[in-house]
Ligand code: SF4
């Protein structure tokens with residue numbers, strides 16, 4: 001298959017979660033919705049069910065969810081509920097609701113109340129102190145609760161061998177996505193920001209073996225091309241999610257490519273593999289959570305050293321980008337509170353950046369377009 005045909009296929013998959021859910025159900029499969037962040041999806045796969053990511057929507061409007069949510073909740077959390085209420089995700093057999101931020105904690109209860117008996121709502125609390133033995137044990141206990149709930153939905157036991165098999169599949173998908181991100185930068189004339197986003201987004205909806213097969217094919221085809229002689233500029237993107245095609249098209253219009261990302265929905269979600277030298281696979285999953293680093297949403301006992309800010313500034317330099325674009329989700333406390341530290345690290349390192357305020361109900365891109373256009377001129381001077 002040609003590169004363009006493969007990219008088109010990912011684009012269709014990224015845009016059609018509802019249809020894919022219907023297909024899985026028609027095939028007699030059970031499907032579990034997985035909300036952000038860091039749910040051990042491997043357990044869903046290990047149970048023989050299909051995990052589907054739920055990260056809100058760029059096309060829906062908050063309506064029914066208003067009944068359950070304070071207006072200052074981010075649109076990702078509200079639109080995830082909207083999709084559960086308006087029938088978009090009808091057919092799910094359950095959802096996993098992690099509770100890593102101050103919005104998701106109360107939202108987990110809103111999802112539970114709103115769904116009633118319609119589906120199994122599986123609560124997941126990650127430990128704040130994830131490194132010490134007690135933190136790891138807490139995480140193992142939580143994951144065992146999730147496992148028990150998934151077994152109830154699946155109607156079968158999940159064995160250690162099932163989980164080890166799932167870990168191998170997920171680690172492979174992570175390695176392939178890391179490889180893809182590098183190839184996308186080398187071939188940014190072919191893998192434009194909208195196409196890059198679609199490939200990474202499709203992961204959340206497709207069955208993982210099918211996704212792995214397609215991405216292997218795409219990576220192999222991309223690797224055959226000579227590295228492109230890019231005449232435009234490159235940035236690193238940062239934030240929770242930046243999958244809005246209309247916003248990403250503005251980058252393309254201004255010849256800005258994406259060299260790498262520090263985005264929760266993208267690289268942050270596949271940066272860290274699950275260790276394979278652990279006898280207990282649930283402990284291996286807990287250790288993966290402990291090993292995650294440089295993440296706005298995770299506790300860093302050394303945060304006063306601004307390690308994360310420096311990490312992101314280095315990412316810009318190492319990836320060959322000229323600057324950074326921060327997509328700041330409205331009402332996202334963790335990202336907003338961390339911004340002054342990121343800004344300081346970028347300024348100290350001489351990395352230009354812009355902060356674009358966004359949310360998933362954004363329909364007017366005029367202001368963003370002007371800001372990106374002006375930033376493109378600044379980046380040109382950095383080349
Ligand atoms: S966007 Fe921010 S506030 Fe909303 S769910 Fe994610 S981390 Fe929480």
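If you filter the range 323-340 down to residues that are under 16 Å from residue 306 (Cβ atoms) and part of a strand (DSSP E or B), you find that the one that is farthest from the ligand (Cβ to nearest atom) is 324. Take the conditions (1) under 19 Å from the mean Cα position of the chain (by Cα); (2) outside any helix (DSSP H, G or I); residue 175 misses just one of them, which is (2).
Within the span defined as the range 333-351, one or more residues are modelled with pLDDT of 95 or more, in contact with a helix residue (DSSP H, G or I) (Cβ under 7 Å, 6 or more places away or on another chain) and surrounded by fewer than 17 Cβ atoms within 10 Å (Cβ to Cβ).
Being buried (at least 21 other Cβ atoms within 10 Å of the Cβ) and out of contact with any helix residue (DSSP H, G or I) (no Cβ under 6 Å at 6 or more places or on another chain) is the filter; apply it to the range 87-97 and report the residue that is nearest to residue 127 (Cα to Cα). So the residue we want is 96.
Conditions tested, residue by residue: (1) in contact with a strand residue (DSSP E or B) (Cβ under 6 Å, 6 or more places away or on another chain); (2) buried (at least 18 other Cβ atoms within 10 Å of the Cβ).
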{"site": "53", "(1), (2)": "yes, yes"}
{"site": "75", "(1), (2)": "no, yes"}
{"site": "106", "(1), (2)": "no, no"}
{"site": "118", "(1), (2)": "no, no"}
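Name the residues in the range 336-365 that are in contact with a strand residue (DSSP E or B) (Cβ under 9 Å, 6 or more places away or on another chain) and within 19 Å of residue 80 (Cα to Cα), would you? Show your work before the answer.
Start the filter on the range 336-365 by keeping residues that are in contact with a strand residue (DSSP E or B) (Cβ under 9 Å, 6 or more places away or on another chain), which leaves 336, 339, 342-343, 346-347, 351-360.
Matches in the range 336-365: 358, 359, 360.
Taken over the range 56-86, the criterion of being within 21 Å of residue 13 (Cα to Cα), within 11 Å of the ligand (Cβ to nearest atom) and touching a helix residue (DSSP H, G or I) at 6+ places or on another chain (Cβ under 6 Å) is satisfied by 56 alone. With the structure loaded, tell me whether residue 309 is modelled with pLDDT of 95 or more, at positive phi and away from the ligand (no atom under 16 Å from the Cβ) or whether it fails that test. Criteria not met by residue 309. When the range 118-132 is examined, which residues are found to be assigned to a loop (DSSP other than H, G, I, E, B) and touching a helix residue (DSSP H, G or I) at 6+ places or on another chain (Cβ under 7 Å)? Hits for the range 118-132 are 125, 126, 127, 129, 130, 131. Of all the criteria given as (1) within 16 Å of the ligand (Cβ to nearest atom); (2) buried (at least 17 other Cβ atoms within 10 Å of the Cβ), the one not satisfied by residue 315 is (1).
Scan the range 289-306 for residues that are free of Cβ contacts under 8 Å to residues at least 40 places away in the same chain, farther than 26 Å from residue 358 by Cβ and not in a loop (DSSP other than H, G, I, E, B) and the total you get is 3. Across the range 88-110, the number of residues qualifying as within 16 Å of the ligand (Cβ to nearest atom) and under 20 Å from the mean Cα position of the chain (by Cα) comes to 13.
The values are calculated or read from the model by the stated rules, or taken from the named source; none is laboratory data. On a predicted model such as this, the values are computed, not experimentally measured, just so you know. All Cβ positions, even for glycine, are placed from backbone atoms using ideal geometry, and neighbour counts span all protein chains on display.
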